[in-house]
Amino acid sequence: MDGVVIAILPLLAGWLLDMVAGDPSRLPHPIVWFGNAIAFCERHFNKGRGRAIKGAVCAVALIAGVYFAGVLLLHRLSAWQWAEVAVQAILIYYCLAGTTLIREVRMVFMAVDESIEAGRRQVGRIVGRDTSGLSAQEIRTAALETLAENLSDGVVAPLFWYALLGVPGMLAYKMVNTLDSMIGYKNERYRAFGMVAARIDDVANFIPARLTALLMVMVAGKSRLLPFVCRYGKEHASPNSGYPEAALAGILDCRFGGTHDYFGESVYKPYIGVTQRDFTYSDMKRATGINRGTEICAVLLAMTVRYLSLL
């Protein structure tokens with residue numbers, strides 16, 4: 001099979017599947033399996049002494065296991081190239097979350113216009129914070145913060161690791177991200193057990209988060225915002241999440257951050273941006289448009305890198 005086809009077709013097919021269908025709610029999903037494996041480890045090993053070491057071993061074993069399982073699967077299929085392309089496309093589709101993310105954020109804005117309770121329920125599907133006391137403005141803010149942060153985690157970072165390490169690298173990244181989302185919290189239960197998983201996630205997202213912010217301001221045609229992104233991106237408690245959030249805050253001329261409740265604990269997030277204002281449906285449309293444009297640029301970059309790697 002031609003090298004161009006091998007480099008481009010799986011990613012193009014997987015991305016188009018995500019564009020059309022979003023996350024498959026009625027099909028078996030690898031991320032659900034990842035979550036089950038993490039929950040099993042947490043349930044059996046997050047107790048007693050040595051929680052940090054046990055958490056580190058579990059995290060490394062799960063990430064390495066997923067990567068080598070992907071390598072073995074594709075090696076087994078290498079004799080049937082069209083089957084290999086098809087399986088790669090399906091796995092890429094499972095690893096991308098761009099369409100579902102945009103759809104969920106749009107539904108939050110529609111729900112909060114109907115009622116505050118509907119908005120709280122809807123935004124609770126995509127954020128980790130306690131949503132029971134959020135105002136309409138806080139609901140919209142939470143949705144837009146998540147839109148920016150998950151553009152990196154759910155789209156650009158998987159594509160970045162696909163470009164470097166192929167589908168196995170993409171799957172390994174999704175395990176890293178799932179570990180962080182489940183056990184990477186700095187509360188009493190997870191602080192020790194999830195410490196190494198959280199650090200691995202920080203490293204895995206270091207370049208993708210900054211690349212996401214760069215692509216966002218380029219898509220918006222506002223390269224002058226780069227100093228703004230550099231200034232406010234490092235204000236976030238996370239070493240990475242602040243950069244795409246800062247890019248969106250600059251593009252929308254708004255302010256993100258503040259104090260939120262997570263698992264019964266109040267967590268203060270430094271403010272990103274300076275303009276405190278209410279969000280409207282048009283802000284959401286602009287933000288989702290930036291997301292889609294950034295996603296297209298990231299796909300094109302990943303295709304280019306994969307093609308060059310096969311020359």
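General observations
- Net charge, Gln137 excluded, C-beta distance under 14 Å - Lys, Arg +1, Asp, Glu -1: -1
- Residues whose placed amide H lies under 5 Å from that of Lys269, excluding near-sequence neighbours: Gly258, Thr259, His260
- At most 12 other Cβ within 10 Å, DSSP loop - GluC sites (Glu not before Pro), the range 167-260: Glu188
- A Gaussian network model of the chain, with springs between Cα atoms under 10 Å, assigns the largest mean-square fluctuation among Glu114, Glu149, Glu84 to Glu114.
- The local environment of Ile272, defined by Cβ-Cβ distances under 13 Å, has a net charge of -1 under the rule Lys, Arg +1 and Asp, Glu -1.
- Heavy-atom surface of the range 195-295, accessible at 1.4 Å and reported per residue (Å²): 46
- Candidates Leu225, Leu73, Leu151, ranked by Gaussian network fluctuation over the chain, Cα under 10 Å, top entry: Leu73
- Seen through its C-alpha gyration tensor, with square-root eigenvalues sorted a ≥ b ≥ c, the range 184-311 comes out oblate because a/c lies at 1.5 or above while a/b is not bigger than b/c.
- Of all complete DSSP H helices in the chain, those with a Cα span along the helix axis of 18 Å or greater and a mean Kyte-Doolittle hydropathy of -1.0 or more are 3-21, 30-45, 51-77, 81-95, 98-114, 136-151, 157-183, 195-219, 281-309.
- Positive contributions from Lys and Arg (+1) and negative ones from Asp and Glu (-1), summed over other residues with Cβ under 11 Å from the Cβ of Lys47, come out at +4.
- Applying both filters, DSSP loop and at most 12 other Cβ atoms within 10 Å, to the trypsin sites (Lys or Arg not before Pro) of the range 1-75 gives Arg26, Lys47, Arg49.
- Per residue, the range 94-161 exposes 34 Å² of solvent-accessible protein surface, assessed with a 1.4 angstrom probe and all protein chains in place.
- The range 93-228 shape via C-alpha gyration tensor axes, a/c threshold 1.5: oblate
- Computed about the Cα centre, the dipole magnitude for the range 92-186 is approximately 160 debye when only Lys and Arg (+1) and Asp and Glu (-1) carry charge, each at its Cβ.
- Solvent-accessible area of the chain (1.4 angstrom probe, protein heavy atoms only): carbon and sulfur portion equals 62 percent.
- For the range 1-73, the per residue solvent-accessible surface stands at 58 Å², with DNA, RNA and ligands left out and a 1.4 Å probe.
- For the chain, built as a Gaussian network whose Cα springs stay under 10 Å, the top-fluctuating residue of Pro270, Pro28, Pro208: Pro28
The values are calculated or read from the model by the stated rules, or taken from the named source; none is laboratory data. Just so you know, these numbers come straight off a predicted model, no measurement behind them. Reconstructed Cβ throughout: ideal geometry from the backbone, glycine too, with neighbour counts over all protein chains shown. Side chains are part of the model used for accessible areas, which takes the heavy atoms of the whole protein and leaves out ligands, DNA and RNA. Shrake-Rupley method; radii C 1.70, N 1.55, O 1.52, S 1.80 Å.
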